[in-house]
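J.: Here it is, the structure, as structure tokens.
The numbers here are math on the coordinates, done by the rules we state, and not lab data. Just so it is clear, the model here is predicted, and its values are computed rather than measured. Ideal geometry is used to build each Cβ from the backbone, glycine not excepted, and the neighbour counts take in all protein chains shown.
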Amino acid sequence: MRFIQVGVGGFGRRWAEALAGSDEAEVVALVDTSEKALAACREKHGYPEGICHQALESALEEVEADALVCVVPPQLHRRISCAAMEAGLDVITEKPMAGSIQDCRAMLECAERTGRTCAVSQNYRYRPETWTMAELVRRGEIGAVGQVRLDFFMGVDFGGGFRHEMDYPLLVDMSIHHFDLIRFITGLDALGAAGWSWNPPWSNYRGDASCSVLFEMTGGARALYSGSWCSKGRFGDWNGNWHIEGELGTITSSGGDIRIHRASKLYEVEEVVEVEATAPSPEGQGFVLHDFVRAVEAGERPATDLADNFGSIGMVFAAVEAVRSGARAEIPGR
């Protein structure tokens with residue numbers, strides 16, 4: 001499948017690696033406003049000079065392509081993705097789907113109207129620990145899930161840029177991964193959110209970089225998320241630290257250590273089992289790319305297409321509304 005990649009600096013470098021390393025993809029154009037980023041990507045992967053474009057319009061006009069990967073700030077996702085779909089291309093866009101619920105709905109409308117496939121890169125699903133926890137829940141190892149606690153504490157300095165200027169940088173740019181994982185691992189969807197956000201005095205983010213959000217899930221379950229992108233001194237796991245309770249026990253995961261704590265007789269722990277994580281093949285972005293190509297060629301929906309991802313991005317917008325208003329917020333529909 002012939003791909004155009006839009007955005008090759010920053011996180012775009014990871015997508016460039018994934019595309020270059022895949023035997024299912026051929027890169028036919030690179031698009032970025034930075035000549036330096038274009039040159040670095042072209043030279044690293046041995047592409048010819050003519051592959052580079054500083055505007056999407058010229059790439060769409062001059063290059064025969066099948067699909068596009070969009071790796072730009074969220075507020076640009078709608079413009080880039082819809083332009084590609086209008087031109088007849090299928091799309092993978094980086095998370096979050098877009099910067100506003102209006103843009104997300106416009107992208108879904110465009111995909112439905114043009115008949116194109118658009119998937120969101122939720123690559124955290126396809127890591128050994130998260131993949132394994134989802135398998136354990138699906139196998140019924142702890143029965144029906146009733147409550148989840150997910151903690152994410154990390155100190156990250158991007159040295160400026162759009163994340164440092166967001167009102168809610170953790171919730172909008174990072175927590176989408178964890179909210180999507182809550183859905184993926186438990187098999188449940190969120191119905192509403194309540195929560196709080198704040199910014200510690202040492203934070204170098206303009207907006208609130210710490211939060212605590214409680215989600216009401218289908219089946220009466222609850223999921224409590226606590227996180228920070230400006231933690232000091234001791235960090236957690238990028239996947240988050242998990243405590244998933246079901247009617248038959250609990251699954252815990254921290255730093256790659258996964259355990260099942262079996263408790264079928266009320267609260268008494270009968271057995272603790274260490275579980276070795278099993279990796280999907282390929283992992284991360286590679287799996288997103290493979291699933292996308294497979295689905296398009298088979299005329300099927302990718303696992304994280306726009307329709308599915310509304311359940312995850314809706315958690316983000318509900319969380320933002322909840323912390324902003326101080327009241328419970330419904331998960332917005334499509």
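J.: Return the residues of the range 80-130 that are more than 15 Å from Asn309 (Cα to Cα) and of a type in the set (A, V, I, L, M); say none if nothing qualifies.
T.: Residues satisfying the conditions are Ile80, Ala83, Ala84, Met85, Ala87, Leu89.
J.: Do we find a residue being charged (D, E, K, R), buried (at least 17 other Cβ atoms within 10 Å of the Cβ), under 17 Å from Phe179 (Cα atoms) and within 20 Å of the chain's Cα centre (by Cα) anywhere in the range 283-291?
T.: Looking through the range 283-291, none of the residues is charged (D, E, K, R), buried (at least 17 other Cβ atoms within 10 Å of the Cβ), under 17 Å from Phe179 (Cα atoms) and within 20 Å of the chain's Cα centre (by Cα).
J.: Can you report the number of residues in the range 205-225 which are in a loop (DSSP other than H, G, I, E, B), of a type outside the set (A, V, I, L, M) and either touching a strand residue (DSSP E or B) at 6+ places or on another chain (Cβ under 7 Å) or buried (at least 23 other Cβ atoms within 10 Å of the Cβ) (or both)?
T.: Of the residues in that region, 2 qualify.
J.: What number of residues in the range 298-320 are touching a residue at least 60 places away in the same chain (Cβ under 8 Å) and either hydrophobic (A, V, I, L, M, F, W, C) or not in a loop (DSSP other than H, G, I, E, B) (or both)?
T.: Result for the range 298-320: 16.
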